[in-house]
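Report on the following structure.
Derivation of every value follows stated rules applied to the coordinates shown; laboratory data play no part. Bear in mind the structure is a predicted one, so any value in this text is a computation, not a measurement. FYI the Cβ positions are ideal-geometry reconstructions off the backbone, even for glycines, and counts take in every protein chain you see.
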Amino acid sequence: MPSGVTDGSGDEPRESFDVHFWKIRSYKGKRGKTYTVRWTVASVTHPETFKTHALADSRLAELRTYARNGVAFDVATGLPVPEVRQARAEAAKADELSWYQHALNYVARRRRGLAGNSIRSIADTLATVTPVLLVSVYQRAWQGARLLAFTPAMVASPLAGRPYDLRHACLSTWLNAGVDPTQVAEWAGNSVEVLLRVYAKCIHGRDQINRKLIEDALRDDEEGRRAGKTSPRIRRDQP
């Protein structure tokens, strides 16, 4: 029986019948005892850790059954090919679900009997992959929206090339409209210093408006002083 099954490209085999199993390894740590199933596929070692010996023994027996029945194993993941295909089918079906629900389903399926470190490893992997996937999905949706809303010339331009560009446009509009920078900074979730450093160059046409505001303030002050001088004085002894 051949030890490897190539993918047809002449590269290293992605599937192999060269599978060997080791004894279950126990480890006693501060948080209790764990049991690790270890096996190799084409000399690549793969582990799975469980909280109880019974769960580890059950998984080892399951893997040995696959090997005994002549089932090939995936070299990259170490899993039997039927499990890999099932995971891919579930991933394809998960396109109809939200990523959040898919992540919940994945964790629920994988965490059965796993030790704390293995669960944390799954969580770390999802935390790394999720932002990348979501950004990719949002970017595709955004580009599709631009195709529907813009003319071909506008699509070819950098106009609203990213969703984040709308934030720049919005804040610039507020500042140019004369909204107090302190208020704009609060709405934007930035400090005034950051806001002005980033958007000061985006403020146009405010010079004449600001000069008029100063002139109006000085005129009001002068008129107030004149009014104070000409207004009749009221004697303290008058009722």
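Overview of values
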| quantity | calculated |
| --- | --- |
| Rounded, prolate or oblate (a/c below 1.5 giving rounded, otherwise prolate when a/b exceeds b/c) for segment 32-107 by Cα gyration tensor | oblate |
| Within-13-Å neighbourhood charge of Val192 [Cβ basis; K, R +1; D, E -1] | -2 |
| Ordering of 16-26, 68-78 by packing [mean C-beta count within 10 Å, highest first] | 68-78, 16-26 |
| Amide H partners (placed H, <5 Å) of Asp18, local residues excluded | Ala42 |
| Under 14 Å, Cβ to Cβ, from Leu60 - net charge with Lys/Arg +1 and Asp/Glu -1 | +3 |
| 15 Å beta-carbon shell around Ser157, net charge (K/R +1, D/E -1) | +1 |
| Listed peptides 44-56, 207-219 by packing density, highest first (mean Cβ within 10 Å) | 44-56, 207-219 |
